[in-house]
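Undergrad: Got a structure here, written out as C-alpha cells. Questions coming.
The values are calculated or read from the model by the stated rules, or taken from the named source; none is laboratory data. This structure is a prediction, so every number in the text was calculated from the model and none was measured. Neighbour counts run over all protein chains shown; Cβ positions are idealised from the backbone, glycine included. Just the protein is used for accessible areas: all its heavy atoms, side chains included, with ligands, DNA and RNA removed. Shrake-Rupley method; radii C 1.70, N 1.55, O 1.52, S 1.80 Å.
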Amino acid sequence: MAETMISLDEIWTLREQIPMIDARSEGEFAQSHIPGAFNLPILNDSERTEVGTLYKQKGPEEAILKGFELVGPRFHLIQKEALSKFPGKKIIVYCWRGGMRSQILSWLLSMAGFEIFRLKGGYKTYRNFTFKEVRKDLRFLVLGGKTGVGKTQLLKTLAQRGEQVLDLEGLANHRGSSFGSIGLPPQPSVEQFENLLAEMIRRLDSTQPVWVENESRKIGRVILPDRFFEQMLQSPFIDIQKTEEERIEHIAEEYAQLPKSDLIQAVKRLQKRLGGLRTQEAIAAIESEDHASWIRNLLIYYDKTYDFDLERHQEEKTKHLDLSHLSIENQIHQLLQAKNQLYGN
C-alpha cells in the first residue's frame, strides 16, 4: 500500500487512532522519543555507529550499502514483529529527520500490507516544537510552602476542579527532595521531560493562569527549561502555611510506609547538611519507627532551605495563606480566592 506523508499538525489527532513507530536505534529512543511511540529500529546502536563512521570516511553510497548489508538479513524479522504488534496494519513511522531509516521501514512494511503515514521532518521536527513549547510565555500561579503542607494534594484537587495544573514532579518521577525518587519509576532524560511537559502545555489555554508547584531548577536529575523557570520566579506566588503537627502528619502518611533502608539512605545523602549527630538521631528514629522524631529532625534543614528559596520570589507578588486545620474544600476555596486577587479576575 502507498505511504502518506503527514505534517506535525496532523500527527496530534492521527496518533490517537493508530500506533506510532520510531525507527531510530534503541539508544536514541531511550534518550527521548515522541510519547506513546514504539521502538522498531532499522539499525541498532552499534550498526548506526558503524554506518555513521563509514558515511564520514567514504561518503553516502558506501554507508547506504553497508546499512542494507547489516539490516537486510533482518527484514523478515522486522516485518514479523510489526505484524505481531500492530495487526491493524496501519501505522505512523518516523526517524531522526524523516529520511532513510523511516523510508526503509515504510517500504518494508508496505510490502507486508501496511498503510503507512510518515512524519515529514521526523523526530527533529517534533523536538523543535517541544523545545519552543516549553519556553513560551505562560501565566503561572506558583504554589509554595514548607515541606509537608500538602502542595501536591492541593494541585491534584485543583485539577479535579477544572483548574489548569502542571504536575512537574509527576512528569519528572521525583518528589523534589532527597527522598524524592523512593518507590518511583526511573526519571526521564532532560530531553524527554521537555517532551512530556510540552505535551501538557500544548493542551493549555495560555491566556489563563496555570497552577504549578514551587520547585528549584533541578527536580532530581531533571532540569527545568531556562525560560520556564525564569517565569516561575517572576510569577505570583502563594506561600501555604500550616502547623508543624499537620506537616509532620502529612509527611508520615506519605513516607512512613516506605522501606527503612531507603529512608536511611536518603538521610545519609543529607549528612553534610544535617551534621553527624542529627543524622544519627534521624537514622535511629527511622529504625525504631519513631516517625515524628526523624521528620521533625529533617524539617529543621528543609525549613531553612525553604526560607532561603522564598527570598527569590518578589514580595509584592507573594500572598501568604494560612490553611491550618481547614478542610480540603475550604483550602481550595481560599486558593481560588487568592488566584482571583493575584490575577485581578
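Undergrad: Pick from Gly176, Gly121, Gly113: which residue has the top mean-square fluctuation in a GNM of the chain where Cα pairs under 10 Å get a spring?
TA: Gly113
Undergrad: Another question, if that's okay. Modelled label-to-label distance, Glu191 and Glu10, 7 Å Cα→beta-carbon offset: nm?
TA: 2.6 nm
Undergrad: Carbon and sulfur atoms: what percent of the 1.4 Å accessible area of segment 1-111 do they account for?
TA: 56 percent
Undergrad: So which lysines can Lys124 reach, going by Cα to Cα under 20 Å and dropping same-chain residues fewer than 8 places off?
TA: Of all the lysines, those that pass the test against Lys124 - Cα under 20 Å, at least 8 places apart if same chain - are Lys132, Lys136.
Undergrad: What 222 nm value per residue comes from the helices of the chain, counting each DSSP H run with n ≥ 4 as -39,500 (n - 2.57) and dividing by all residues, nearest 500 deg cm²/dmol?
TA: Taken over the chain, the calculation gives -16000 deg cm²/dmol.
Undergrad: A further question follows. Amide H neighbours of Ile219 under 5 Å, at least 5 residues apart or on other chains, H built in the peptide plane: list them.
TA: So Ile219 has HN proximity to Leu224.
Undergrad: Would you list, by chain and number, the lysines whose Cα falls below 18 Å from the Cα of Lys56, excluding same-chain residues fewer than 8 positions away?
TA: Lys66
Undergrad: While we're here: Return one whole number: the accessible area per residue of the chain in Å², for a 1.4 Å probe.
TA: 49 Å²
Undergrad: Taking a threshold of 24 Å on the Cα-Cα distance, which of the pairs Lys156/Lys268; Lys80/Lys120; Lys268/Lys319; Lys151/Lys319 fall above it?
TA: Cα-Cα > 24 Å for Lys156/Lys268; Lys80/Lys120; Lys268/Lys319; rest within.
Undergrad: Considering only protein heavy atoms and a 1.4 Å probe, what is the carbon-and-sulfur percentage of the accessible area of segment 204-345?
TA: 48 percent
Undergrad: In addition: Using a 1.4 angstrom probe on the protein heavy atoms only, could you order Arg74, Arg247, Arg48 from most to least accessible area?
TA: From most exposed to least exposed: Arg48, Arg74, Arg247.
Undergrad: Using r as the Cβ-Cβ distance of Asn330 and Phe129, and R0 as 56 Å, what FRET efficiency do you calculate, to the nearest 0.05?
TA: 0.85
Undergrad: Sticking with this one: Treat each spin label as a single point 7 Å out from the Cα along the C-beta direction, and report the Glu315 to Ala292 distance in nm.
TA: 3.6 nm
Undergrad: Treating only the Cβ of Lys, Arg, Asp and Glu as charged (+1, +1, -1, -1), what charge dipole size does the chain show about its Cα centre? Round to the nearest 20 debye.
TA: The calculation lands at about 1020 debye.
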